[in-house]
Amino acid sequence: FPIDITFKSTNPFGWPQIVLSVYGPDFFGHDVVRGYGAVHVPFVPGRHKRTIAMFVPESSSRLQQFTSWFTGRRPEFTDPKVVAQGEGREVTRVRSQGFVTISFNVM
């Protein structure tokens, strides 16, 4: 999926990130989150390949797990900034969900 973006900055703090939210159907045909991940955009010219570890939020109790499975409404983040910042994520229960590889061509 080609994306053409131009950035200009004098300070690389908070450099742009690509945040991925992957969705897909579950057993009942509901569209559910399959994984979240984020990676910083490289700023050195050339071809770069990054592997992003994906994760999904988990329910905190067995009752919530059963309710989310039964209703088809699994836990998900409402704001993508949660994935990019990491602030406050230490109290969020998540499960590893595979990897996504992205290739960058930076000029």
Just to be sure before I move on: is Ala84 closer than 27 Å to Asn105 by Cα, hydrophobic (A, V, I, L, M, F, W, C), modelled with pLDDT under 80 and under 14 Å from the mean Cα position of the chain (by Cα) in the structure I sent? yes
Among residues of segment 18-32 being more than 10 Å from the chain's Cα centre (by Cα) and assigned to a strand (DSSP E or B), the residue nearest to Ser59 (Cα to Cα) is Val32
For segment 38-77, name all the residues that are among the hydroxyl-bearing types (Ser, Thr, Tyr) and on the phi > 0 side of the Ramachandran plot. none
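In segment 31-87, which residue that is of a type in the set (Lys, Arg) and more than 16 Å from Gln97 (Cα to Cα) is least open to solvent (accessible area, probe 1.4 Å)?
Step one: filter segment 31-87 for residues of a type in the set (Lys, Arg), giving 34, 47, 49-50, 62, 73-74, 81.
Applying the additional criterion that residues be more than 16 Å from Gln97 (Cα to Cα) yields 47, 49-50, 62, 73, 81.
On the way: Arg47: 172, Lys49: 153, Arg50: 86, Arg62: 195, Arg73: 175, Lys81: 124 Å².
Among residues in segment 31-87 that are of a type in the set (Lys, Arg) and more than 16 Å from Gln97 (Cα to Cα), the one least open to solvent (accessible area, probe 1.4 Å) is Arg50.
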From the options Val32, Val22, residue that is of a type in the set (A, V, I, L, M) and either touching a strand residue (DSSP E or B) at 6+ places or on another chain (Cβ under 6 Å) or free of Cβ contacts under 8 Å to residues at least 24 places away in the same chain (or both): Val22
State the number of residues belonging to segment 33-83 that are touching a Ser or Thr at 6+ places or on another chain (Cβ under 8 Å), aliphatic (A, V, I, L, M) and assigned to a strand (DSSP E or B). 4
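The values are calculated or read from the model by the stated rules, or taken from the named source; none is laboratory data. It should be emphasised that the depicted structure is a prediction, and the values quoted were computed from it without experimental measurement. For neighbour counting, all protein chains shown are included, and Cβ atoms are generated from backbone atoms with ideal geometry for every residue, glycine included. Please note that ligands, DNA and RNA were not included when accessible areas were found on the heavy atoms of the full protein model with its side chains. Shrake-Rupley method; radii C 1.70, N 1.55, O 1.52, S 1.80 Å.
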